[in-house]
Every structure is written in structure tokens, then in C-alpha cells.
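Where a number appears in this text, it was derived from the coordinates with a stated rule and is not lab data. Just so it is clear, the model here is predicted, and its values are computed rather than measured. Neighbour counts are summed over all protein chains in view; Cβ atoms, including those assigned to glycine, are modelled from backbone coordinates with ideal geometry.
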Amino acid sequence: MSEPLTSSARPVLSVAPMMDLTDRHFRYLARLLSSRALLYSEMITARAIVHGDRDRLLGFSRSEGSVVLQLGGDDPAALAEATVAAAEYGYAEVNLNVGCPSERVSTGNFGACLMASPRVVGECLAAMAAASSLPVSVKHRIGIDDLDTYEHLLAFVDAVDAVSGGVPVAYTVHARKAWLAGLSPKEKRTVPPLRYDDVYRLKRERPWLTVELNGGVTSVEQALGHLHEVDGVMIGRAAYENPVVLAGVDPLMFGVTAPSTTRAAVVTAMRAYLDDHVTAGGRVAAVTRHLLNLFRGVPGGRAWRRTISQGSHLPGAGAELLDAALQAVPQAVAHAPMWLADQPTSSAGAAELAA
């Protein structure tokens with residue numbers, strides 16, 4: 001039986017790993033909005049790390065704070081070597097991807113298809129844990145295809161827990177099952193119904209496990225509600241499509257002020273970051289694409305997106321593009337608090353729950 005990871009060791013709110021989205025540039029933006037959220041890398045295959053350019057694949061700024069490296073693979077030896085590399089580069093945790101339903105990923109025998117092989121998952125986690133002192137976690141679904149009852153979920157978790165040999169593992173459970181074929185990528189994210197009760201039940205029946213809930217969470221307020229039932233909550237695309245959601249994490253969950261309180265402050269910090277990136281030879285669009293949604297849902301949002309979209313690919317574009325984009329939005333909006341102090345934030349109950 002594995003020992004639980006304590007909430008003090010692992011933040012109770014995380015931002016999900018998302019392919020082609022949660023790169024180092026987005027993580028820098030996210031950290032300007034929350035100092036406390038746990039951030040994830042995109043999934044990187046263990047074999048790519050073993051055989052590839054580690055600086056390119058694993059390098060990140062210490063200003064990103066606590067970052068989890070998500071790994072893909074089914075070879076314990078390769079995953080162990082990748083875990084050693086993660087420790088050397090300063091990651092806070094390593095996570096095994098057993099949730100991605102992509103047919104391309106399944107062809108490589110990793111992702112959600114591994115739910116049919118809990119022994120392999122347990123062996124992989126054990127090897128990862130033995131390779132370094134980093135905490136290990138696994139992100140998986142409530143089920144796959146027709147192996148989708150609560151009993152299937154419980155059998156998977158119990159088998160992984162037994163085979164991993166008592167390694168303290170955090171289980172991030174996506175509350176939708178995965179269809180491995182037959183649905184579009186968008187349909188795989190939306191068609192299978194959310195079954196939060198199965199995740200709640202898992203925590204009730206296996207209270208010694210660390211259980212984090214993922215799937216369909218769009219606000220910090222929703223996350224706080226789930227924390228009455230589970231140890232942690234993961235927010236996915238909502239945090240990318242409207243990153244200002246993250247500005248509520250620190251005040252709502254921890255009773256502290258967010259690193260940046262206005263959108264203008266975020267833009268100022270990102271301008272300096274973009275200037276350094278361009279000076280080092282990077283592309284403007286690699287950074288600015290993550291900023292398009294910063295003014296989503298507020299006056300000036302369309303002008304902000306248009307200015308950035310039209311200017312990012314122009315010859316000679318640089319950090320001054322953000323100055324022009326900021327001038328295109330109402331200044332009252334740019335300098336307004338992203339999270340108002342008189343909203344129901346930082347209550348004693350919420351702080352106690354998140355502690």
C-alpha cells in the first residue's frame with residue numbers, strides 16, 4: 001500500500017499538460033498569473049529524451065517555478081533514464097501519461113491504451129521512482145473503450161498500486177473515459193460524459209491514495225468545490241483559452257496576492273521576456289501566440305488579438321508589438337484588477353481547504 005503525497009508537498013491546483021500548448025513560453029505566462037499552481041510540460045517521450053537534444057527538450061527557466069515533466073512511454077528503463085534527466089534539469093515531479101487517447105500515441109503503445117496493461121504501468125512507475133528522489137505521478141482516464149465501469153477503474157488503480165511496490169504515486173484521474181478510435185480529437189475531449197462521482201468514490205474507497213481530478217473544470221471556484229472530495233484539481237484548456245482564470249488561484253485558494261494583478265502588468269513582464277527571446281534569435285510568434293487570449297471576453301479583446309496576429313510574422317517584429325497591442329485596448333481595461341478584492345476570495349474556509 002503506497003503512502004499518500006501530502007498536499008503541502010504537492011499543490012492542490014495544477015494546469016494540465018497540453019500538446020503544442022504548455023511549452024516554456026506559456027508556462028512563463030502562467031507563472032505571472034499564479035505563483036502557486038503546479039505547471040506541466042507538454043508530453044515528451046522517454047525515448048526522445050534518451051536519444052535527443054536534452055537542452056532543447058528539457059530546458060526551462062527557473063522563473064517558471066514548480067514544473068512537472070510529463071513522460072510518454074512503456075519501457076521502464078527508458079523512463080528511468082528520462083527521470084534522471086528530469087532531476088538534473090530541476091523538474092519538481094515526473095508524470096507518466098496514461099491518458100492521451102490519440103491513435104498516433106496508441107500506436108507507440110503509450111497513453112490511454114496502457115490502461116489495459118496496469119502491470120506495465122506499475123513497473124514503469126516503480127522504475128521512475130527508483131531512478132531519483134523526484135515524486136512520481138500518473139495521469140489516466142476513468143476507463144477506455146468498453147473497459148469503463150467504476151470496477152475497471154478500481155482494478156486498474158489497485159493493480160498499479162500493487163505492482164509499483166508501495167511507491168508514493170499521485171493519481172490524476174481524467175473523469176472522462178477514452179475512446180481509442182472512431183472520434184475526432186475534439187470529440188474525444190467532449191463526447192464521453194464526465195463522471196466525477198467515480199473519481200470521488202475512488203478517493204473515498206482508497207483514502208490512502210493521492211487523487212487529483214481532471215476534466216471539464218473551467219474555474220477556480222469549481223476547483224474549490226471538487227476539493228471537498230479529492231486531494232487536488234487539474235484545469236486544462238480553460239486555463240489556456242482564458243488564462244486570466246489563473247489570476248484567481250492565489251487569492252481564492254491561498255489567500256495571497258497574485259504575482260500580477262492587472263493585464264497591463266502581465267504585458268509589461270511578457271514584453272521583457274519577449275525582448276530577451278528575440279535577442280536570443282527566437283521567433284516572436286512562438287511567444288505571442290500564447291498571449292492572444294489575455295483579453296478574452298473584455299472590451300478591446302478583438303483589437304488586441306488582431307494587432308498581435310497581424311504583426312507577429314512581419315519582418316523585424318519585436319517586443320514593441322506588445323506596446324502597440326496594449327495601446328489598442330481601453331486603458332481602463334488594461335489596468336483594471338483581473339481579480340477583484342471584493343469577490344468571494346481568500347475565505348478562511350477556502351484557505352483551510354487548500355492548506
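Here region 63-153 was treated as a single set of alpha-carbon atoms; its pair distances binned every 10 Å from 0 give 18, 47, 28, 7, 0 percent.
Considering helices alone, the calculated mean residue ellipticity of the chain at 222 nm is -11500 deg cm²/dmol, with DSSP H runs of length four and up weighted by -39500 (n - 2.57) and normalised per residue. Available extension along the chain between Leu154 and Leu314 is 52.3 nm, counting 0.36 nm per residue and deducting the alpha carbon span. Taking a ≥ b ≥ c as the square roots of the eigenvalues of the Cα gyration tensor, region 168-260 is oblate, since a/c reaches 1.5 or more and a/b is not larger than b/c. For region 43-215, the alpha-carbon radius of gyration amounts to 0.99 times the rule-of-thumb value 2.2 N^0.38 Å expected for a compact globular protein.
Our summary of shape: the Cα atoms of region 209-318 have principal axis extents of 52, 32, 26 Å, ordered from largest down, in whole angstrom. Using the average count of surrounding beta-carbon atoms within 10 Å as a protection proxy, the listed peptides 113-123, 143-153 rank, highest first, as 113-123, 143-153. With both partners inside the chain, how many of the DSSP beta bridges are antiparallel, as a percent to the nearest 5? Antiparallel: roughly 5 percent of the beta bridges in the chain. Between Ala265, Ala129, Ala178, find the one with the highest GNM mean-square fluctuation for the chain; connect C-alpha pairs within less than 10 Å. The residue that fluctuates most here is Ala265.
Length gained on full extension, Thr190 to Gln327, computed as 0.36 nm times the residue gap minus the Cα-Cα distance: 45.6 nm.
Here the chain yields Rg over Rh of 0.97, to two decimals, using C-alpha coordinates and the Kirkwood radius.
In order along region 146-160, the phi-based Karplus estimate (6.51 cos²θ - 1.76 cosθ + 1.60, θ = phi - 60°) of 3J(HN,Hα) comes to 8, 8, 10, 7, 4, 4, 5, 4, 5, 5, 4, 5, 4, 5, 4 Hz; Gly and Pro are listed as x.
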